[in-house]
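The values are calculated or read from the model by the stated rules, or taken from the named source; none is laboratory data. If you're wondering where the values come from, they're calculated on a predicted model, not measured in any experiment. All Cβ positions, glycine included, derive from the backbone under ideal geometry; neighbour counts span all protein chains shown.
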Amino acid sequence: MLEHVTATRYVVPLREGGSLPGVVEADDLGTYVVKFSGAGQGLKVLVAEVVVGELARALGLAVPRLVTIELPAAIARYEADEEVQDLLNASPGTNLGVDLLPGALGYDGSRSPTTEEASRILWLDAFTANVDRTWSNPNLLLWHRQVWAIDHGAALYFHHGWPSRSPDADRFARQPFRADQHVLLEVAGDLRATHDELAAHVDTALLDSVLAAVPDAWLEPTHQLPSPAAARTAYREHLLRRLEGVGHWLPGGAA
């Protein structure tokens, strides 16, 4: 489970993203970039952030610490910006906090990760179908001379169809990943060796541990997935099938 904290002050919005995340101080004296449950992109973006972020951490990638952050209803009273106030009013309860990395710089290629680090990030993006790591939006930060991966909400695209379609793990397993626009393509090495290394750690136990970090309230019920347990089973099945279908999505071919 993720650590749970309570917001004490909304500091400033971050207008670079479409969902209007904000910097928030919490009762553990930490400062977080908060992805709000009431944002227009919906709860499934928060689910993807947790699943992919915690999977990345378990596989040794540098990713900021995640917490669930309680947003008191009263916090919106002190915001003069109507857009921010509306977002805060729409997001009482549990939201996602991403540890703020003070002084971090956006990735511009001037200080590249090692070939091993780049290969791990590219492999993770291919495995989880995260298309949102291009030069137009790298979603990488430089902090303490290391490249950190952030913003995984665009991954796991399959779950956006669940309200109208039954889960289809086989379709996700066969979905190719276009790496030609990936920001680290020119730095990464042979992904077949990276797959052999990382895939060996992705099993039912690891996925169950990662999925347990997602709050039940974010796993919206559907006719086909009426409970959080059913949703977690579907996510696990999709990711395990994806591993089996590596020949379809791994840039450079099957391991």
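Remarks
- Within the range 95-104, tally of residues that are closer than 18 Å to Ser19 by Cα and either more than 20 Å from the chain's Cα centre (by Cα) or buried (at least 20 other Cβ atoms within 10 Å of the Cβ) (or both): 4
- Some residue of the range 214-224 being closer than 17 Å to Lys44 by Cα, buried (at least 16 other Cβ atoms within 10 Å of the Cβ), in the same structural domain as Trp162 (by TED's automatic domain parsing) and without any contact (Cβ under 8 Å) to a residue 60 or more places away in the chain: no
- Filtering the range 1-17 to residues that are in contact (Cβ under 8 Å) with a residue 12 or more places away in the chain, within 21 Å of the chain's Cα centre (by Cα) and within 20 Å of Leu105 (Cα to Cα) leaves Pro13, Leu14, Gly17.
- Residues that are in a loop (DSSP other than H, G, I, E, B) and either of a type in the set (Val, Ile, Thr) or closer than 30 Å to Leu207 by Cα (or both) within the range 1-20 comprise Met1, Leu2, Gly17, Gly18, Ser19, Leu20, listed in sequence order.
- Residues located in the range 75-111, provided they are aromatic (Phe, Trp, Tyr) and without any contact (Cβ under 8 Å) to a residue 60 or more places away in the chain: none
- Residue within the range 156-168 that is of a type in the set (Gly, Ala, Ser) and modelled with pLDDT of 95 or more present: no
- Scanning the range 11-60 for residues that are modelled with pLDDT under 95 and hydroxyl-bearing (Ser, Thr, Tyr) gives a single hit, Ser19.
- If only residues of the range 77-94 that are outside any strand (DSSP E or B) and among the small types (Gly, Ala, Ser) are counted, the one that is farthest from the chain's Cα centre (by Cα) is Ala80.
- In the set Leu198, Leu211, Leu206, only one residue is at negative phi, touching a Gly at 6+ places or on another chain (Cβ under 9 Å) and part of a helix (DSSP H, G or I); that residue is Leu198.
- Residues of the range 19-34 include at least one that is in contact (Cβ under 8 Å) with a residue 40 or more places away in the chain, small (Gly, Ala, Ser) and over 30 Å from Ala118 (Cα atoms).
Table: residues versus (1) at pLDDT 95 or above; (2) under 17 Å from Leu55 (Cα atoms); (3) not in a strand (DSSP E or B).
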site	(1), (2), (3)
Leu96	yes, yes, no
Asp108	yes, no, yes
Ala118	yes, yes, yes
Ile121	yes, yes, yes
Phe127	yes, yes, yes
Asn130	yes, yes, yes
Leu141	yes, no, no
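- Taken over the range 61-88, the criterion of being at pLDDT 95 or above and polar (S, T, N, Q) is satisfied by Thr68 alone.
- Screening the candidates Arg178, Arg192 for the property of being in contact (Cβ under 8 Å) with a residue 40 or more places away in the chain, surrounded by fewer than 18 Cβ atoms within 10 Å (Cβ to Cβ) and in contact with a Pro (Cβ under 9 Å, 6 or more places away or on another chain) yields one hit, Arg178.
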